[in-house]
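A quick write-up on the structure given underneath.
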Amino acid sequence: FVELRHLIHNLSPRTLTQLGLVEAIRKITADICQSHQQLHIAFEHDEMPESMEEITRINLYRIIQELLQNTLKHAQATQISIELRQLNHQFQLHYHDNGRGFLPTQTTRGNGLTNIESRVMLLNGKLHIDSTPGQGFTILVKIPS
């Protein structure tokens, strides 16, 4: 258990450790908007509890990083909305972009979505992906709190 905690701590991004989850997300979204000026990112959130487990905090941050990276790489989006809420004993992440979209059933899953699915499973969570060509991409992630 101590070794696992040490491993997780070493995987923790410096920004996340220094700023906390909400501020780290604000920073990454601000950095992206500064370098991709045609992109607007809206981030809404509840106050995240101090008691949130480190493994949950790290994986939520990494999931958001992966989603942002996928949008930048594939979607040609101009708008992204991210909502992070705590509702009914769970953390809910709702992410949407207005990009190209795709058919989830007909698209080979790349490393990005596979990594996200693995992180959600690790946290005993659930995810739902909704995307249609020309209609953007939406994902809802629910993780027990």
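The values are calculated or read from the model by the stated rules, or taken from the named source; none is laboratory data. Everything numeric here is computed off the predicted structure, so don't read it as measured data. Here the Cβ is made from the backbone with ideal geometry for all residues, glycine too, and neighbour counts use every protein chain on show. Note: areas computed on protein heavy atoms with side chains; ligands, DNA, RNA excluded. Shrake-Rupley method; radii C 1.70, N 1.55, O 1.52, S 1.80 Å.
Listing for the model above:
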{"read-out": "Test: residue in segment 6-22 that is modelled with pLDDT of 95 or more and out of contact with any helix residue (DSSP H, G or I) (no Cβ under 7 Å at 6 or more places or on another chain)", "value": "yes"}
{"read-out": "Test: residue in segment 129-136 that is of a type in the set (A, V, I, L, M) and either open to solvent by 40 Å² or more (accessible area, probe 1.4 Å) or in contact (Cβ under 8 Å) with a residue 60 or more places away in the chain (or both)", "value": "no"}
{"read-out": "Residue list for segment 49-90, filter: open to solvent by 40 Å² or more (accessible area, probe 1.4 Å), free of Cβ contacts under 8 Å to residues at least 60 places away in the same chain, closer than 20 Å to PRO144 by Cβ and not polar (S, T, N, Q)", "value": "GLU50, GLU53, GLU54, ARG57, ARG62, GLU83, ARG85, LEU87, HIS89"}
{"read-out": "Count - residues of segment 30-51 that are assigned to a helix (DSSP H, G or I) and either of a type in the set (Gly, Ala, Ser) or modelled with pLDDT of 95 or more (or both)", "value": "2"}
{"read-out": "Flag for ILE25 being open to solvent by less than 60 Å² (accessible area, probe 1.4 Å) and at pLDDT 85 or above", "value": "yes"}
{"read-out": "Some residue of segment 106-119 being touching a residue at least 40 places away in the same chain (Cβ under 8 Å), polar (S, T, N, Q) and open to solvent by 40 Å² or more (accessible area, probe 1.4 Å)", "value": "yes"}
